[in-house]
Structures are given as C-alpha cells and as structure tokens.
C-alpha cells in the first residue's frame, strides 16, 4: 500500500497531505493479541476465499456478454479493487504491528492498554475510555486512540492529575483522572 500511495502522490503531485499519509502508513501500530489475530484472520480470508468469490463473480459477469455495457462486470471489478486495497491495508498494518503486552500494564500511570475514568472539570461529566492503538479505536464503544488529542494528553498521567487537552479546533478541555484500571 505504501508503494501505491507513494506512486499516487508522485503521479498527482507531492503535497504535505501525501507525505503525512506515507508517514502514517509506516508508523508502528499497537494491537492487542486479540486484535492482531482478528486482523490476521480477516487478511487470510480475503486472500483466499474473498479472492475466490470475486473471481467467480467476474467469471459469471463475463458470461453475460458485452463487457462495455455489463454493470455486473463493472461492479465485480470495483469490488475486487476495494478488496485488494483492504488486503494491502491489512498487510501494512500486520507488517508494522506491535503486540501490546497486556501483562505488563500497570495502574500507576496511563499508557496504551489502560482503562481510564476521567471527569470534565468544567461540566462534571464522567467518561470512561480504553486507550488502544489507532486501528482499534472505536469511540462509540469507549475505545480511543493513543494518537487522538485526548489519548495523547492522558498518556503518562496518574490518578488525581488534571490534564489539559488541546483540541484541533483550538479549544482546551480539562479532565481530572479519577481511576486507572486494566
């Protein structure tokens, strides 16, 4: 995927956005052992059964005749391209993956793998988050990235600390760390 992105950036025009995307793709990706296994299983499925299914759809669509007006064929090719992009993304993530040693996680300070309970100093709202790597982030489930504004600000702090989070829009929110768990 890095080669494809680099080619696209060179072909179109190297911009700071292209350079940032290439840096992100080469970054170390923190994963729990469970997430690593899940991504590896998905990658194996896509490389085997997924490719076979798409190949069968393309073969079937070709049998419908004229390819220039064959929407099933075009759709199958588009799905193949999306799947190959997903395979490339997963391969890149697996290549750069670092498995989080959950047995080494302590509750003395916040780090990747910690569960935290924080209180918004201004409004008193209490939030609970688990801090994981970027590819595992899911804010709807209370999982935030160690690369997010809140995640970055919380890393290294202890219970009782008040943490100022500088948001991308320029605002600052203060949180008090109430609890750290595993």
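The values are calculated or read from the model by the stated rules, or taken from the named source; none is laboratory data. In this text the structure is predicted, and so the values were computed from the model without any measurement. So basically every Cβ, Gly included, is an ideal-geometry build from the backbone, and we count neighbours across all protein chains shown.
Brief remarks follow.
- Residue count for segment 32-44, restricted to those that are at pLDDT 95 or above and either loosely packed, with under 12 Cβ neighbours inside 10 Å or touching a helix residue (DSSP H, G or I) at 6+ places or on another chain (Cβ under 6 Å) (or both): 2.
- Residues located in segment 23-54, provided they are free of Cβ contacts under 8 Å to residues at least 24 places away in the same chain and over 15 Å from residue 89 (Cα atoms): 34, 37, 48, 49, 52, 53
- Residue 136 vs. criteria closer than 24 Å to residue 42 by Cα and touching a helix residue (DSSP H, G or I) at 6+ places or on another chain (Cβ under 6 Å): yes
- Pick from segment 70-98, criterion surrounded by 15 or more Cβ atoms within 10 Å (Cβ to Cβ) and not in a helix (DSSP H, G or I), ranking: modelled with the lowest pLDDT: 70
- Residue 103 meets all of the listed conditions (1) at pLDDT below 90; (2) crowded, with 16+ Cβ neighbours inside 10 Å but one, namely (2).
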